[in-house]
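Have a look at the structure below, then the notes.
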Amino acid sequence: MAEPDFEARLTRLFAEAPSFPDAALFNAEVSAKLDRGWAMRRLFIGAAGVAAGLIAAFQILSTRFSSEIAQISRDGSHGIENEINAGYAKVASVFTSPGSVEAVWLAAGLALVALAFAVTRAVEEL
(Lines give C-alpha, C1' and ligand atoms only; values in the text may rest on other atoms or scores of the structure.)
Protein backbone atom coordinates (compact mmCIF):
# COMPACT_ATOMS: atom_id res chain seq x y z
CA MET A 1 0.00 0.00 0.00
CA ALA A 2 1.29 3.48 -0.87
CA GLU A 3 2.22 6.01 1.76
CA PRO A 4 -0.05 9.05 2.21
CA ASP A 5 2.90 11.47 1.89
CA PHE A 6 3.91 9.99 -1.41
CA GLU A 7 0.34 10.03 -2.69
CA ALA A 8 -0.12 13.68 -1.69
CA ARG A 9 3.19 14.72 -3.27
CA LEU A 10 2.41 12.80 -6.47
CA THR A 11 -1.06 14.34 -6.71
CA ARG A 12 0.40 17.82 -6.17
CA LEU A 13 3.04 17.29 -8.85
CA PHE A 14 0.46 16.25 -11.44
CA ALA A 15 -1.98 19.01 -10.45
CA GLU A 16 0.59 21.79 -10.87
CA ALA A 17 1.98 22.01 -14.38
CA PRO A 18 5.55 23.29 -14.52
CA SER A 19 5.98 26.72 -16.08
CA PHE A 20 8.57 27.32 -18.75
CA PRO A 21 10.12 30.70 -19.56
CA ASP A 22 8.93 30.61 -23.18
CA ALA A 23 5.39 29.40 -22.44
CA ALA A 24 3.75 32.57 -23.81
CA LEU A 25 5.72 32.34 -27.06
CA PHE A 26 4.87 28.66 -27.42
CA ASN A 27 1.16 29.38 -26.87
CA ALA A 28 1.24 32.18 -29.45
CA GLU A 29 2.94 29.96 -32.04
CA VAL A 30 0.48 27.11 -31.52
CA SER A 31 -2.47 29.51 -31.73
CA ALA A 32 -1.10 31.03 -34.97
CA LYS A 33 -0.70 27.57 -36.53
CA LEU A 34 -4.22 26.59 -35.54
CA ASP A 35 -5.63 29.85 -36.91
CA ARG A 36 -3.85 29.32 -40.24
CA GLY A 37 -5.32 25.85 -40.47
CA TRP A 38 -8.82 27.13 -39.86
CA ALA A 39 -8.38 29.90 -42.41
CA MET A 40 -7.40 27.36 -45.06
CA ARG A 41 -10.31 25.10 -44.10
CA ARG A 42 -12.72 28.01 -44.36
CA LEU A 43 -11.25 28.92 -47.75
CA PHE A 44 -11.63 25.38 -49.05
CA ILE A 45 -15.15 25.06 -47.66
CA GLY A 46 -16.10 28.39 -49.25
CA ALA A 47 -14.62 27.36 -52.61
CA ALA A 48 -16.48 24.05 -52.44
CA GLY A 49 -19.69 25.95 -51.66
CA VAL A 50 -19.21 28.28 -54.61
CA ALA A 51 -18.49 25.33 -56.91
CA ALA A 52 -21.57 23.49 -55.64
CA GLY A 53 -23.68 26.61 -56.14
CA LEU A 54 -22.48 27.00 -59.71
CA ILE A 55 -23.16 23.34 -60.44
CA ALA A 56 -26.64 23.64 -58.92
CA ALA A 57 -27.40 26.77 -60.96
CA PHE A 58 -26.16 25.03 -64.12
CA GLN A 59 -28.34 22.01 -63.34
CA ILE A 60 -31.40 24.18 -62.73
CA LEU A 61 -30.93 26.08 -65.96
CA SER A 62 -29.94 23.05 -68.04
CA THR A 63 -33.09 21.13 -67.11
CA ARG A 64 -35.08 23.99 -68.59
CA PHE A 65 -33.22 23.82 -71.90
CA SER A 66 -32.25 20.14 -72.20
CA SER A 67 -34.62 19.42 -75.10
CA GLU A 68 -33.63 22.61 -76.91
CA ILE A 69 -29.92 21.81 -76.52
CA ALA A 70 -30.51 18.29 -77.88
CA GLN A 71 -32.39 19.75 -80.85
CA ILE A 72 -29.57 22.20 -81.55
CA SER A 73 -26.98 19.44 -81.47
CA ARG A 74 -29.05 17.30 -83.88
CA ASP A 75 -29.50 20.12 -86.33
CA GLY A 76 -25.84 20.98 -86.80
CA SER A 77 -26.31 22.15 -90.38
CA HIS A 78 -27.95 25.44 -89.40
CA GLY A 79 -26.07 28.63 -89.97
CA ILE A 80 -24.27 30.29 -87.08
CA GLU A 81 -26.56 33.29 -87.36
CA ASN A 82 -29.64 31.13 -86.76
CA GLU A 83 -27.94 29.55 -83.76
CA ILE A 84 -27.06 32.93 -82.24
CA ASN A 85 -30.62 34.14 -82.72
CA ALA A 86 -31.95 30.95 -81.14
CA GLY A 87 -29.53 31.41 -78.23
CA TYR A 88 -30.74 34.97 -77.66
CA ALA A 89 -34.33 33.73 -77.75
CA LYS A 90 -33.56 31.06 -75.16
CA VAL A 91 -31.87 33.57 -72.85
CA ALA A 92 -34.83 35.91 -73.25
CA SER A 93 -37.20 33.06 -72.40
CA VAL A 94 -35.39 32.58 -69.08
CA PHE A 95 -36.63 35.98 -67.98
CA THR A 96 -40.12 35.72 -69.49
CA SER A 97 -41.38 32.34 -68.32
CA PRO A 98 -42.53 32.00 -64.69
CA GLY A 99 -40.58 28.84 -63.87
CA SER A 100 -37.30 30.21 -65.14
CA VAL A 101 -37.65 33.48 -63.28
CA GLU A 102 -38.09 31.51 -60.07
CA ALA A 103 -34.89 29.62 -60.81
CA VAL A 104 -33.03 32.86 -61.48
CA TRP A 105 -34.37 34.40 -58.26
CA LEU A 106 -33.37 31.27 -56.35
CA ALA A 107 -29.85 31.40 -57.76
CA ALA A 108 -29.61 35.13 -57.02
CA GLY A 109 -30.84 34.61 -53.47
CA LEU A 110 -28.30 31.85 -52.87
CA ALA A 111 -25.57 34.08 -54.25
CA LEU A 112 -26.60 36.86 -51.85
CA VAL A 113 -26.54 34.44 -48.91
CA ALA A 114 -23.07 33.26 -49.93
CA LEU A 115 -21.91 36.87 -50.22
CA ALA A 116 -23.32 37.66 -46.78
CA PHE A 117 -21.44 34.70 -45.29
CA ALA A 118 -18.22 35.83 -46.99
CA VAL A 119 -18.59 39.39 -45.69
CA THR A 120 -19.36 38.08 -42.19
CA ARG A 121 -16.22 35.95 -42.22
CA ALA A 122 -14.10 38.81 -43.51
CA VAL A 123 -15.37 41.18 -40.82
CA GLU A 124 -14.95 38.50 -38.15
CA GLU A 125 -11.29 37.99 -39.04
CA LEU A 126 -10.47 41.69 -38.97
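The values are calculated or read from the model by the stated rules, or taken from the named source; none is laboratory data. Source: prediction; values computed, not measured. Don't worry about glycine lacking a Cβ; one is built from the backbone with ideal geometry, like all the others, and counts go over all protein chains shown. Side chains are part of the model used for accessible areas, which takes the heavy atoms of the whole protein and leaves out ligands, DNA and RNA. Shrake-Rupley method; radii C 1.70, N 1.55, O 1.52, S 1.80 Å.
Exactly one of these conditions fails for Val50: (1) under 23 Å from Glu125 (Cβ atoms); (2) at pLDDT below 75. Give me its number.
The one condition Val50 does not meet is (2).
Please determine whether any residue of segment 34-45 is part of a loop (DSSP other than H, G, I, E, B) and not hydrophobic (A, V, I, L, M, F, W, C).
Checked against the condition, which is being part of a loop (DSSP other than H, G, I, E, B) and not hydrophobic (A, V, I, L, M, F, W, C), segment 34-45 yields no hits at all.
Hey, among the residues in segment 91-110 that are open to solvent by less than 70 Å² (accessible area, probe 1.4 Å) and over 15 Å from Ala57 (Cα atoms), which one's modelled with the lowest pLDDT?
Ser97
Which residues, counting only those in segment 1-21, are surrounded by fewer than 10 Cβ atoms within 10 Å (Cβ to Cβ) and among the acidic types (Asp, Glu)?
Listed by number, the residues that qualify are Glu3, Asp5, Glu16.
Please identify the pairs in which a residue from segment 13-39 that is at pLDDT 85 or above has its Cβ atom under 8 Å from the Cβ atom of a residue that is open to solvent by 80 Å² or more (accessible area, probe 1.4 Å), counting only partners at least 6 apart or on another chain.
Cβ pairs passing all conditions: Phe26/Phe20.
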